[in-house]
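I have placed the structure first, in the form of structure tokens, so that the comments after it can refer back to it.
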Amino acid sequence: AMLVDEQGRVLVEMLGIRVQRVGRGRTAQRESDLQQWLYQVGWEPAALKPQAPATRTGRWLIFADRQGVAQQLASDLRQATGQACVLVHPGDGFRALPSRDEDREPRTYQIDPLAADDYERLLTDTFGEQDAVCAGVVHLWSLDIAEPDEATPAAWTETRRLGCGSVLQLVRQLARFHFAKMPGLWLATQGAQAVTGEQAGIAVAQAPVWGLGRVAELEHPELACRLVDFDPAADVATAAAQLQQELV
């Protein structure tokens, strides 16, 4: 470990329990070495893959946003593949919401984003039957995370509920549940990654979901966790269409 000043010049280098003062003549070399330790994520453009027939079977579990991406995605999947979807909204506890026409509308639930028991009840109610298959799980709650003007406790509580708090509970319960076939997991954000230098701002409050998603990839490879970040300017229809391509 090294101690540096405000200009990045190395003052003291710690080697085990020994402390060695670095002379002025070695400062430039140490700064050069330090630069080699740093890295930055770079994005490369790639063409969208052509639409292909769905290879996944079963019912989709979608944690629905308030903007309408989940509703549009459910409609698109039904029209394109005939697959049913289950929509899940954040609330204050587990509740199965009535549907006017279950043949035409997706089944809908409400759960507490931080309550492990609610996820267990949801999975049991939806996929507890022996022949019930989950095609995949899509988490869109992060799209509703607002960038707080002030770091108030209420704002950060809501950020945690819709973001990392809910993703953590979801990953835990998916890994524990006895699926007939383990489903894949997609975590979506919007504007949380700086893909081009032209992007004006980053959705900082959504960005931690990417860190947690990468941890989930390593600790639960059976979920094949995928991270999707929509263009900040994308409308509901565009975001749903792009996500559908990723799902199939």
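Numerical summary
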{"item": "Packing-based ranking, highest mean first, of 114-124, 69-79 given that Cβ atoms within 10 Å are counted", "result": "69-79, 114-124"}
{"item": "Under 13 Å from the Glu246 label point (7 Å along Cα→beta-carbon), backbone N, the range 70-90", "result": "70"}
{"item": "Kirkwood Rh in Å, taken over all unlike Cα pairs in the range 176-248", "result": "13.6"}
{"item": "Neighbourhood net charge (9 Å Cβ-Cβ; Lys/Arg +1, Asp/Glu -1) for Ala175", "result": "0"}
{"item": "Potential extension, Arg172-Trp156 segment - 0.36 nm per residue separation minus Cα distance", "result": "3.6 nm"}
{"item": "Sequence of Thr57, Thr126 when ordered by accessible area, the most exposed leading, probe 1.4 angstrom", "result": "Thr57, Thr126"}
{"item": "Spin-label model distance (nm) - Ala224 vs Arg78, 7 Å beyond Cα toward Cβ", "result": "2.6"}
{"item": "The range 121-248: proportion of alpha-carbon pairs further apart than 24 angstrom, %", "result": "33"}
{"item": "For the range 65-137: accessible area per residue (Å², 1.4 Å)", "result": "53"}
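The values are calculated or read from the model by the stated rules, or taken from the named source; none is laboratory data. All values derive from a computational prediction rather than experimental measurement. Methodologically, a virtual Cβ is constructed for each residue, glycine included, from the backbone with ideal geometry; neighbour enumeration extends over all protein chains shown. What goes into the accessible areas is simple: the full protein's heavy atoms, side chains included, and nothing from ligands, DNA or RNA. Shrake-Rupley method; radii C 1.70, N 1.55, O 1.52, S 1.80 Å.
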